[in-house]
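Just below is one structure, and these are the notes that go with it.
The values are calculated or read from the model by the stated rules, or taken from the named source; none is laboratory data. Because the structure is predicted, anything quoted here is derived from the model rather than measured. Positions of Cβ are backbone-derived with ideal geometry, glycine not excepted, and every protein chain shown enters the neighbour counts.
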Amino acid sequence: MSIAADAALGRQPRGVFGRSLRRGRRWALILSYVFLVVFGIFFLVPPYYMLVTSLKSSSEIASMSTNPWIIAREVTLENYRMLLGQAQFVRYFRNTALVTVLVVSISMVTSVLAAYSLSRLRFWGSGLLATGVFLTYLVPETLVFIPLFQIVGKLGLLNTYWALVVVYPTIAVPFCTWILIGYFASIPKELDEAALIDGAGQIRMLLTIFIPVAMPGIVAATIFAFTVSWGAFLYPMAFIYSTDQLPLTAGIVTTLIKGDVFQWGSIMAGALMASAPPVILYAFLMDYYIAGLTAGATKG
Amino acid sequence: MATRVGQPVPVTAPLEPAARAARLERRRWYRRRSTLGFLLCIPLFVIIGGLVLYPALFAVYLSMLNKAQTKFVGLANFKFLLGRDLFWMVVQQVVVFAVTAVFFKAILGFVAAHLVNNLPQKGQRKWRGMMLVPWVIPPALSTLGWWWMFDPTYSAFNWILALVGGPHIAWLSDPNWARFCVILVNVWIGTPFFMIMYLAALKSVPAELYEVASVDGASAWQKLVYVTLPMMRNIISITVLFSLIVTFANYDIVRVLTNGGPRNMTHILGTYAFRLGIESGDIPLGASVSLVMLPILGVFAAFILRGVRQRASEL
């Protein structure tokens, strides 16, 4: 990145403000770039190093004779190939994908219905309930995982990924409902009136007006639900111990790491492949993602 | 929140039969709407009531049983914990961990947000996108990457230190360095969240305020202290409190990086509860450790709720 060129193209104050101010702004811009590069290095070093490691051969990692930050000998996809040919790793991927699809569906149906109800259909206690939804969003997993362990056990779901399907919505639903209440509440009431005069029922109104108009909010909530159920770690660690039932996160941490000689290359390749779906999703839908992230504190 | 929609103001004047019928009709309409509203919330009730509220109350009950869960022992579990040095060390560690990590996340996030905001509009998106990467990778997996960088024999950091003639550091086996490492990784994962929140807040400060301040001859520092900070106060406090809760209740980072070691020195409440409740099978004791978080989190949550309400009424 050519910092100087970018800085020269940057905003130039016009007119009355003199040269010193313009020079000051220019320096501020250059300094901003310098510090941003420092931040960029800090933020991107771990993923970079994971990538480099995953593309090295095990012998290069073990020999310790070359610079660890670069691939000195040869680029190899062996680690990726090995993992993808391993039934267990593919199984983790399948488990995570299945659980995530189910959890996102359950969470979105629940949140859309509840948010519509709480933002438009008044009933006894609905105001209090909306506050309650926000408060449950603040309940961390570490507070309830032990009683949930017992509950999941009583339901007969311990050590199956169905436990995750049942439990993950508790992480996603409160936040999704909360931001959707905000999005629905910002839809002008005139739209409902027009629909009511046309004789639309509540459900039809939700389907034909609210969901299409609040689509950005729904996309943001879906991304959130996807991200939390893809990356959740504590619940599978607590509820599942059979390797064929584990999702990616817990599977990689508990089974790829074994013995005294760590297969660093394949651990990093596994971690990167497992991170890919949320990162790719985010790359395409960044603006929705950010809108959703900030909406939690500003809407509702 | 919900308002009456599409309905004329109720009439109380003398009623003709037709008007009375209309009023009845309207009342029925409201009642139907309420019923539907309630019905649509049933899935929410099941999830929140059955899997958050009930477990939270169940935790209180569990914490008062003995290990085999056969006998009610009152507060004996808590008494036992309070008498253990390890428990107090965990409490101390979690406070240091959460306060330090949140402090640095807040400062770095604030600086990063300002840096991005300084850039020309069209360049901002790229930088913002890049800086969010740590927040998007599942924490358990990115922590694995850090773990590898801290590895005692192969440590990539030590390789750089060796290059400049620095010492060999036992990142994860020296207690103080291990504590530093879990905080560092937490700061790395959490800073982007602060940056995004602050950036949104910065953009919501009206530009006129800065212009007026410039006309009055305010320096950049004065603008920051007298314009930016007061306008962002609410978002800052919401973000900090929210992050305190999440950091306090962390599990992933410590589990992957140190698993509580060396010699239990990096345990925080989440991992300690896991160790006692799940790994050692003393469910009531584990539940008690988790419950220790409750009062602190409750206070934070109350303040967040107040902040969010204020913010909603300001907008």
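Taken over region B:67-101, the residue count meeting the criterion of being within 20 Å of B:GLY261 (Cα to Cα) and either surrounded by 12 or more Cβ atoms within 10 Å (Cβ to Cβ) or touching a Gly at 6+ places or on another chain (Cβ under 6 Å) (or both) is 15. The single residue among B:PRO262, B:PRO295, B:PRO284 that is in contact with a strand residue (DSSP E or B) (Cβ under 6 Å, 6 or more places away or on another chain) and not β-branched (Val, Ile, Thr) turns out to be B:PRO284. Identify all residues within region B:101-143 that are more than 8 Å from chain A (Cβ to nearest Cβ), within 22 Å of A:MET50 (Cβ to Cβ) and of a type in the set (Phe, Trp, Tyr); write none if there are none. Within region B:101-143, B:TRP135 is the sole residue that qualifies. Report yes if some residue within region B:302-309 is touching a residue at least 40 places away in the same chain (Cβ under 8 Å), touching a helix residue (DSSP H, G or I) at 6+ places or on another chain (Cβ under 6 Å) and over 30 Å from A:ALA295 (Cα atoms); otherwise report no. Scanning region B:302-309 turns up no residue that is touching a residue at least 40 places away in the same chain (Cβ under 8 Å), touching a helix residue (DSSP H, G or I) at 6+ places or on another chain (Cβ under 6 Å) and over 30 Å from A:ALA295 (Cα atoms).
If you check A:LEU98, A:LEU135, A:LEU102 for being within 14 Å of chain B (Cβ to nearest Cβ), out of contact with any Ser or Thr (no Cβ under 6 Å at 6 or more places or on another chain) and either at pLDDT 95 or above or within 30 Å of B:ASN158 (Cβ to Cβ) (or both), only one passes: A:LEU102.
Considering region A:25-34, the residues that are more than 9 Å from every other protein chain (Cβ to nearest Cβ) and either loosely packed, with under 14 Cβ neighbours inside 10 Å or touching a His at 6+ places or on another chain (Cβ under 7 Å) (or both) include one that is modelled with the lowest pLDDT, namely A:TRP27.
Considering only region B:189-201, I want to know if a residue exists there that is modelled with pLDDT under 90, more than 28 Å from the chain's Cα centre (by Cα) and hydrophobic (A, V, I, L, M, F, W, C). Checking region B:189-201: not a single residue is modelled with pLDDT under 90, more than 28 Å from the chain's Cα centre (by Cα) and hydrophobic (A, V, I, L, M, F, W, C). Taking the criterion of being in a helix (DSSP H, G or I) and buried (at least 24 other Cβ atoms within 10 Å of the Cβ), the residues of region A:204-217 that qualify are A:PHE210, A:GLY217.
When B:LEU241 is tested against (1) under 21 Å from B:LEU297 (Cβ atoms); (2) buried (at least 24 other Cβ atoms within 10 Å of the Cβ), exactly one condition is not met: (2). As for region A:35-48, it holds at least one residue that is within 11 Å of chain B (Cβ to nearest Cβ) and either of a type in the set (Gly, Ala, Ser) or in a loop (DSSP other than H, G, I, E, B) (or both). Restricted to helices (runs of 4 or more DSSP H) entirely inside region B:230-307, those with at least 2 residues that are closer than 19 Å to B:ILE189 by Cβ are B:252-257, B:269-274.
Just one of the numbered conditions (1) assigned to a loop (DSSP other than H, G, I, E, B); (2) closer than 24 Å to A:VAL38 by Cα; (3) not acidic (Asp, Glu) is not true of B:ILE107: (1). Output the residue which, of all residues in region B:54-66 that are within 13 Å of another protein chain (Cβ to nearest Cβ) and surrounded by fewer than 16 Cβ atoms within 10 Å (Cβ to Cβ), is farthest from the chain's Cα centre (by Cα). The qualifying residue farthest from the chain's Cα centre (by Cα) is B:TYR61. Pick from A:ALA97, A:ALA130: which is closer than 26 Å to A:VAL219 by Cα, among the hydrophobic types (A, V, I, L, M, F, W, C) and crowded, with 18+ Cβ neighbours inside 10 Å? Step by step, each of A:ALA97, A:ALA130 is checked, and only A:ALA130 is closer than 26 Å to A:VAL219 by Cα, among the hydrophobic types (A, V, I, L, M, F, W, C) and crowded, with 18+ Cβ neighbours inside 10 Å.
With respect to (1) closer than 25 Å to B:ILE160 by Cα; (2) at pLDDT 90 or above; (3) of a type outside the set (Phe, Trp, Tyr), the lone exception for A:ARG81 is condition (1). May I ask you to verify whether A:PHE262 is within 27 Å of B:PRO152 (Cβ to Cβ), modelled with pLDDT under 90 and in the same structural domain as A:ALA115 (by TED's automatic domain parsing)? Yes: the conditions hold for A:PHE262.
Name the residue that is nearest to the other protein chains (Cβ to nearest Cβ), counting only residues in region B:172-205 that are outside any helix (DSSP H, G or I) and farther than 23 Å from B:LEU115 by Cα. Result: B:LEU172. Of the listed requirements (1) farther than 19 Å from A:ALA276 by Cα; (2) in a helix (DSSP H, G or I); (3) among the hydrophobic types (A, V, I, L, M, F, W, C), A:ILE70 misses just one: (2). The single condition from (1) hydrophobic (A, V, I, L, M, F, W, C); (2) at pLDDT below 90; (3) within 22 Å of the chain's Cα centre (by Cα) that A:ALA269 fails is (2). Among residues of region B:238-250 that are at the interface with chain A (Cβ under 7 Å from one of its Cβ atoms), those with a beta-carbon under 7 Å from a residue that is not in a helix (DSSP H, G or I) and not hydroxyl-bearing (Ser, Thr, Tyr) at least six positions away or on a different chain give the pairs B:ILE245/A:LEU138; B:ILE245/A:PRO140; B:VAL246/A:PRO140; B:ALA249/A:PRO140.
I want to confirm something. Restricting to region A:172-187 and keeping residues that are hydroxyl-bearing (Ser, Thr, Tyr) and buried (at least 24 other Cβ atoms within 10 Å of the Cβ), which single residue is farthest from the chain's Cα centre (by Cα)? Among them, the one singled out is A:TYR183.
Among the residues examined, A:ILE252 qualifies as buried (at least 16 other Cβ atoms within 10 Å of the Cβ), β-branched (Val, Ile, Thr) and more than 30 Å from B:VAL308 (Cβ to Cβ). When each of B:LEU209, B:LEU199 is tested for being in the same structural domain as B:VAL133 (by TED's automatic domain parsing), in contact (Cβ under 8 Å) with a residue 60 or more places away in the chain and not hydroxyl-bearing (Ser, Thr, Tyr), the lone residue that passes is B:LEU199. Considering each residue of region A:203-211 in turn, at least one proves to be within 23 Å of the chain's Cα centre (by Cα) and either farther than 30 Å from B:TYR272 by Cα or among the basic types (Lys, Arg) (or both). Among all positions in region A:92-109, there is no residue which is under 30 Å from B:VAL60 (Cα atoms), over 21 Å from the mean Cα position of the chain (by Cα) and in contact (Cβ under 8 Å) with a residue 12 or more places away in the chain.
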